[in-house]
Amino acid sequence: MIGVRIALALLLTTTIAAAEPAAVIDQIDRLVRAQFYAPAVLGQRGWDAAVREARAALAATPAKRTEILSRLVARLATSHTEYIAPDNPRFAQIISIFDGFLGTAKDRCPDPAKLPALPIEVPEIGVWWTRLDERWFVGGVLDDTPAKAAGLVLGDEVVTANGRRFQPVAAFAAGAPVTLAIRRTRGGPLRTITVAPKRVRPQAAFRAAITASARIIERGAARVAYVRVWSWAGAEMQDALEDAISDLNAKQPTAFVIDLRDGWGGASPDYLRIFDARIPVIESVGRDGQRYRVDHHIHVPAAVLINRGSRSGKEVVAYGVKKHHLATLIGERTGAAVVAGGVYCLDDGAILYLASSAVTIDGEVLEGKGVEPDVAVPFELRYAAGADQQLDAALAALGAR
């Protein structure tokens with residue numbers, strides 16, 4: 001990226017103030033009118049009125065600019081369409097996904113100095129953060145991360161960081177150990193956990209988490225292989241998944257679970273090849289007798305976990321799995337977020353994620369519809385205390401086979 005390296009902590013306090021609020025609204029308005037994939041939707045959603053309301057709201061309460069700009073873009077009610085400010089944990093992640101593109105596309109990012117240096121690197125602890133009821137919850141813990149080592153679990157509410165109200169980007173921006181006050185049960189007492197963030201490139205961290213998640217889960221006589229895909233954006237993610245499947249196959253599992261809940265999409269339809277057991281297995285034997293087996297495919301009964309956070313390319317894969325009976329879909333309906341999106345740099349240092357084209361799968365529209373599971377298992381994230389009913393249901397179903 002062109003320009004000096006900007007620390008994220010500094011970015012949060014300087015770039016947001018660098019652009020006049022009205023100018024950013026004008027920029028968003030121009031981009032939406034020029035690039036949004038469905039011009040007819042603008043009238044249906046009352047875009048003109050939404051822009052006027054946003055201008056008035058910003059003039060009255062400029063301190064709420066992020067909330068107002070987020071609400072403005074959300075008025076389009078379309079997936080892959082979002083105002084993402086630097087204090088949003090998705091900010092560094094989406095830049096990491098599109099970093100090669102942002103560094104060269106002058107029409108999308110005319111002033112890249114307003115963004116952190118690419119490839120972006122930020123202090124994190126390895127949590128998929130979920131905002132519910134104006135509170136921050138642990139929506140998932142990546143394996144082999146500081147959060148996992150510190151003992152954070154699925155469903156924890158994080159209330160404060162070093163005694164201050166918790167915000168997942170600001171809390172770790174300094175890169176120093178942080179004491180978190182968490183609530184594990186509804187109405188329960190606060191407990192403290194100290195965690196030391198480490199600097200990561202988000203896409204690299206997601207790729208490492210695929211490898212780290214791979215394991216065999218024993219359920220009676222069943223040996224269930226499990227691997228979780230946090231981001232499927234990029235061929236390197238598919239490579240990591242196939243390598244994990246090959247390693248797990250060497251342990252002779254009786255079943256497989258592929259976990260596609262939450263995270264980022266980006267998958268290509270041909271990633272369904274992991275379920276094609278017809279592909280021959282290659283095994284080589286060296287002069288020294290050392291055997292090397294390449295087996296990137298699933299040969300045993302399988303389940304795929306999905307939920308409302310399974311979006312975009314993950315839904316395409318889920319659709320193919322269900323249509324061709326490649327595995328059992330377990331969990332909740334997918335996110336119904338299947339259009340193509342592009343990213344644009346805004347003058348206030350934020351990112352505008354904008355739907356750029358409609359998408360059909362075998363002629364079917366999944367946007368606004370999603371993919372229903374074969375086995376519905378509702379899940380309440382708040383205060384789950386680490387329990388995972390959807391995974392348990394998959395293990396029970398596969399163990400019974």
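Every read-out reported here was derived from the displayed coordinates using simple, explicitly stated rules and does not represent laboratory data. Nothing here was measured: the structure is a model prediction, and the numbers come from that model. Note that each Cβ is placed from the backbone with ideal geometry, even for glycine, and that neighbours are counted across all protein chains shown.
Which residue fluctuates the most in the chain, going by a Gaussian network model with Cα springs under 10 Å, if the choices are LEU42, LEU260, LEU76?
LEU42
Karplus couplings for the stretch 172-186 from phi (6.51 cos²θ - 1.76 cosθ + 1.60, θ = phi - 60°), rounded to Hz, Gly and Pro as x?
10, 4, 6, x, 9, x, 10, 9, 9, 9, 10, 10, 8, 10, 4
From the alpha carbon gyration tensor of the stretch 123-200, can you work out the equivalent ellipsoid semi-axes (sqrt of 5 times each eigenvalue) and give them in Å, largest to smallest?
Square roots of five times the eigenvalues give 18, 13, 12 Å.
Hand me the trypsin sites (Lys or Arg not before Pro) from the stretch 60-146 located in a DSSP loop with no more than 16 other Cβ atoms within 10 Å, in residue order please.
Hits after loop and neighbour filter: LYS106.
For LYS198, go through the lysines and keep the ones whose alpha-carbon is under 25 Å away, minus same-chain ones fewer than eight residues off.
Of all the lysines, those that pass the test against LYS198 - Cα under 25 Å, at least 8 places apart if same chain - are LYS114, LYS148.
If the cut-off is 29 Å between C-alpha atoms, which lysines fall inside it for LYS322, apart from same-chain ones fewer than 8 positions away?
Correct list for LYS322: LYS251, LYS314, LYS369.
If you place +1 on the Cβ of every Lys and Arg, -1 on the Cβ of every Asp and Glu, and leave all else neutral, what size is the dipole of the stretch 123-200 about its Cα centre, to the nearest 20 Debye?
That gives the stretch 123-200 a dipole magnitude of about 200 debye.
Can you give me the C-alpha center-to-center distance between the stretch 98-120 and the stretch 143-220, rounded to a whole angstrom?
29 Å
Counting DSSP beta bridges in the stretch 303-401, what percent are antiparallel, to the nearest 5?
Here the antiparallel bridges make up roughly 55 percent for the stretch 303-401.
Under 5 Å between amide H atoms, partner at least 5 residues away or on a different chain: which partners does GLY341 have, H built in plane at 1.01 Å?
Answer set, sorted by chain and number: SER356.
Output ³J(HN,Hα) for the stretch 358-373: one whole-Hz value per residue in order, computed from phi by the Karplus curve 6.51 cos²θ - 1.76 cosθ + 1.60 with θ = phi - 60°, and x for Gly and Pro.
With coefficients 6.51, -1.76 and 1.60, one gets 6, 9, 10, 10, 6, x, 9, 8, 9, 4, x, 10, x, 10, 7, x Hz.
Taking Rg and Dmax of the Cα atoms in Å straight from the coordinates, which label in (i) 20.2, 67; (ii) 22.1, 77; (iii) 37.0, 135 is the correct one?
(ii)
Determine the gain in length on full extension of the stretch ALA250-ASP276; use 0.36 nm per residue of separation and subtract their C-alpha separation, reporting nm with one decimal.
This chain segment gains 7.6 nm when fully extended.
Sticking to Cα atoms, compute the Rg of the stretch 8-114 to one decimal and its Dmax as the biggest Cα-Cα distance, whole number, in Å.
14.2, 40
What dipole magnitude, in Debye to the nearest 20, does the stretch 8-114 give about its Cα centre under +1 on Lys/Arg Cβ and -1 on Asp/Glu Cβ?
Dipole about the Cα centre, nearest 20: 180 debye.
Determine the percent antiparallel among the DSSP beta bridges restricted to the chain, to the nearest 5.
Approximately 75 percent, going by the DSSP bridge assignments.
Residue by residue through the stretch 81-94, which ³J(HN,Hα) values in whole Hz follow from phi under the Karplus form 6.51 cos²θ - 1.76 cosθ + 1.60 (θ = phi - 60°), with glycine and proline marked x?
Listing the rounded values in order: 9, 6, 8, 10, 7, x, 8, 8, x, 6, 4, 5, 5, 6 Hz.
With unit charges on the beta carbon (Lys/Arg positive, Asp/Glu negative), name the residue among ILE361, GLY309, GLY286 whose Cα is farthest towards the positive pole of the charge dipole of the chain.
GLY309
Would you work out the charge dipole size for the chain about its Cα centre, treating the Cβ of every Lys and Arg as +1 and the Cβ of every Asp and Glu as -1, and quote it to the nearest 20 debye?
Result for the chain is approximately 660 debye, rounded to the nearest 20.
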